[in-house]
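Asker: I have a structure here, written as structure tokens, and I will follow up with some questions on it.
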Amino acid sequence: MSVPAVGPIIIVDDDPFIVEALGMVLGTWGYSVVSALSMEALETALTGLGTIPSLLITDHFLPGGRTGAEVLARVRAHSGAHIPAILLTGDGAPERVSEAASAGFRLMIKPVAPAPLRVVVEELVLRG
């Protein structure tokens, strides 16, 4: 299956192994990826982006007490568009589910297997 021409997928997670693994998997599916390990690195990446991202994938808990909701708000503000997003977390508590829904995320509990991730990524990228 070929990937439609879309903007990059942004990955934000403080775990470099997760960022690398997600980037590799998404790359094999034909997506371009921009990754960041912190909010500061995200700011730098957004400055040089030059296009609207098609999807954001972010961890819930980030360095400095930052959250995935803050990342999503920043990406949407920078792009001026409603960017679909996936929130990755190891915390499946009802509060997390509620927070994800109210912030506009699709919640996925870590560890995330490639097959279900691909289904969600393709749905969100194609739906936009």
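Asker: Tell me whether segment 1-59 comes out rounded, prolate or oblate; compute the Cα gyration tensor, take square roots of the eigenvalues as a ≥ b ≥ c, and use a/c under 1.5 as the rounded threshold.
Answerer: Values: a/c = 2.60, a/b = 1.24, b/c = 2.10.
Oblate, because a/c is 1.5 or more while a/b does not exceed b/c.
Asker: Right, something else. Using +1 at the Cβ of each Lys and Arg and -1 at the Cβ of each Asp and Glu in segment 33-128, identify which of His78, Leu117, Gly92 lies farthest towards the dipole's positive end.
Answerer: Leu117
Asker: Assign one of three labels to the chain, namely rounded, prolate or oblate, based on the Cα gyration tensor with a ≥ b ≥ c the square roots of its eigenvalues; rounded applies when a/c is under 1.5, prolate when it is not and a/b is larger than b/c, and oblate otherwise.
Answerer: Numbers: a/c = 1.33, a/b = 1.11, b/c = 1.20.
It is rounded, given that a/c, with a ≥ b ≥ c, falls under 1.5.
Asker: Give, in nm to one decimal, the length gained when the segment between Arg127 and His82 is fully stretched (0.36 nm per residue of separation minus the Cα-Cα distance).
Answerer: Stretched fully, the Arg127-His82 segment lengthens by 15.1 nm.
Asker: Still on this model: Determine the per residue accessible area of segment 1-124 with all protein chains present and a 1.4 angstrom probe, expressed in square angstrom.
Answerer: On the way: 5900 Å² over 124 residues.
Accessible area per residue: 48 Å².
Asker: What are the ³J(HN,Hα) values, in whole Hz, obtained from phi via the Karplus relation 6.51 cos²θ - 1.76 cosθ + 1.60 with θ = phi - 60°, for each residue of segment 68-74 in sequence order, with x given for Gly and Pro?
Answerer: Ordered by residue, 3J(HN,Hα) equals x, 4, 5, 4, 4, 4, 5 Hz.
Asker: While we're here: With the contact rule set at Cα under 8 Å and sequence spacing of 6 or more, what percent relative contact order holds for the chain?
Answerer: Details: 186 pairs, mean separation 28.1, N = 128.
Dividing the mean separation by the residue count of the chain yields 22 percent.
Asker: Next up: Amide H of Leu55: which non-local residues (sequence gap of 5 or more, or other chain) have their own amide H closer than 5 Å, using H built in the peptide plane?
Answerer: Amide H neighbours of Leu55, under 5 Å, 5+ apart: Ile10.
Asker: Is the shape of segment 87-128 rounded, prolate or oblate, going by the alpha carbon gyration tensor and its root eigenvalues a ≥ b ≥ c, with a/c under 1.5 for rounded and a/b larger than b/c for prolate? Could the numbers behind the result be given before it?
Answerer: Numbers: a/c = 3.77, a/b = 1.33, b/c = 2.83.
Taking the square roots of the gyration eigenvalues as a ≥ b ≥ c, segment 87-128 is oblate.
Asker: Rounded to whole Hz and in sequence order, give me ³J(HN,Hα) for segment 104-119 from the Karplus expression 6.51 cos²θ - 1.76 cosθ + 1.60, θ = phi - 60°, writing x for Gly and Pro.
Answerer: x, 9, 8, 8, 10, 8, 6, x, 9, 6, x, 4, x, 4, 4, 4
Asker: So if I place +1 on the C-beta of Lys and Arg and -1 on the C-beta of Asp and Glu, and nothing else carries charge, what would the dipole magnitude of the chain be about its Cα centre? I want it in debye, nearest 20. Working shown, then result.
Answerer: Details: 8 positive and 13 negative charges, 77 e Å.
Once rounded to the nearest 20, the dipole reads 360 debye.
Asker: Sticking with this structure for a sec: Leaving out ligands, DNA and RNA, and with a 1.4 Å probe, what % of the accessible surface on the chain is carbon or sulfur?
Answerer: Numbers: 3790 of 6250 Å².
Carbon and sulfur atoms account for 61 percent of the accessible area of the chain.
Asker: R0 = 25 Å: FRET efficiency of Thr51 with Phe17, Cβ-based, nearest 0.05?
Answerer: Details: r = 27 Å, r/R0 = 1.08.
Efficiency for this residue pair is about 0.40.
Asker: Can you give me the P(r) profile for segment 42-117? Cα pairs, bins 10 angstrom wide beginning at 0, each as a whole percent.
Answerer: Answer for segment 42-117: a P(r) of 19, 50, 28, 3 percent.
The values are calculated or read from the model by the stated rules, or taken from the named source; none is laboratory data. Keep in mind the model is a prediction, meaning the values are calculated, not measured. As a convention, Cβ positions derive from the backbone with ideal geometry for all residues, glycine included, and neighbour counts pool all protein chains shown. Side chains included, ligands, DNA and RNA excluded: accessible areas come from the protein's heavy atoms. Shrake-Rupley method; radii C 1.70, N 1.55, O 1.52, S 1.80 Å.
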